[in-house]
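The values are calculated or read from the model by the stated rules, or taken from the named source; none is laboratory data. Treat the numbers as computed from the prediction; the structure is a model and nothing was measured. Here the Cβ is made from the backbone with ideal geometry for all residues, glycine too, and neighbour counts use every protein chain on show.
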Amino acid sequence: MNPFEGELVRLTQLQRDDLPLFRQWFRDYEFFRLLVPETAVPITDEAEDEWYERAVRGKENFFFAIRLLADGRLIGSCGLFDISPKNRYATFGIAIGDKDCWGKGFGTDATQVLLRFAFQELNLNRVQLEVFAFNQRAVRAYEKIGFVHEGVRRQALFREGRYHDVLLMAILCEEWFARQG
């Protein structure tokens, strides 16, 4: 089995040809509001180019395109960043940009593939993430995979005229392996 394939998706290297689709997604507020804490302003082409350069050149980061196994279509991206080799942890992020693929298990499958890479290939002990409390679809998916709630940054995000909590979640290597049965 290809270590970068799940049941529904394949993780591949990001390509410069993928950028126009990423730009389209990041200009869609319904998508964008779930991901970016600093601002609710759409990302510029220059910022997207800078993100791509960091993603493909970063030695302490692993970013992947998420493609459907069925037809190879690009539907999003995921990655591990802020990796601590000494403490053996990384921060996880995922974005499913193709709204036709929301709620169909593609993000869950991609997350499982990336966790397999994190724990079996990178020898990490912990993968952590932050998720906005109002993104209940993502919270449920993370819980289903085995991420544990570790804390809350109360009212840490100001979005759409009000404050929202940011949830802190993580999964340990032993917890992930125990669920693989």
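Results, tabulated for the structure shown:
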item: Qualifying residue in segment 126-135 (condition: assigned to a loop (DSSP other than H, G, I, E, B), aromatic (F, W, Y), surrounded by fewer than 21 Cβ atoms within 10 Å (Cβ to Cβ) and touching a helix residue (DSSP H, G or I) at 6+ places or on another chain (Cβ under 9 Å)); result: no
item: Subset of segment 84-102 that is farther than 24 Å from D28 by Cα and in a strand (DSSP E or B) - its residue that is nearest to the chain's Cα centre (by Cα); result: T91
item: Test result for F81, within 11 Å of the chain's Cα centre (by Cα), among the hydrophobic types (A, V, I, L, M, F, W, C) and under 22 Å from L19 (Cα atoms); result: yes
item: Of all residues in segment 160-181 being farther than 26 Å from N87 by Cα and of a type in the set (D, E), the one that is surrounded by the fewest Cβ atoms within 10 Å (Cβ to Cβ); result: E160
item: Pairs, first under 17 Å from E53 (Cα atoms) in segment 14-29, second at pLDDT 90 or above and not hydroxyl-bearing (S, T, Y), C-beta under 6 Å, six or more apart; result: L14/F63; L14/A65; D18/A65; D18/L74; L21/L74
item: Meets criteria (crowded, with 16+ Cβ neighbours inside 10 Å and at pLDDT 95 or above) for D109; result: yes
item: In segment 154-181, residue modelled with the lowest pLDDT [restricted to those that are assigned to a strand (DSSP E or B) and more than 19 Å from the chain's Cα centre (by Cα)]; result: R159
item: Any hit, segment 108-118, residues being within 12 Å of the chain's Cα centre (by Cα), outside any strand (DSSP E or B) and without any contact (Cβ under 8 Å) to a residue 40 or more places away in the chain; result: yes
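Listed here are the residues, each with its yes/no results for (1) at pLDDT below 80; (2) farther than 29 Å from A156 by Cβ; (3) loosely packed, with under 12 Cβ neighbours inside 10 Å; (4) not hydrophobic (A, V, I, L, M, F, W, C).
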{"site": "V9", "(1), (2), (3), (4)": "no, yes, no, no"}
{"site": "Q15", "(1), (2), (3), (4)": "no, yes, yes, yes"}
{"site": "P37", "(1), (2), (3), (4)": "yes, no, no, yes"}
{"site": "I43", "(1), (2), (3), (4)": "yes, no, no, no"}
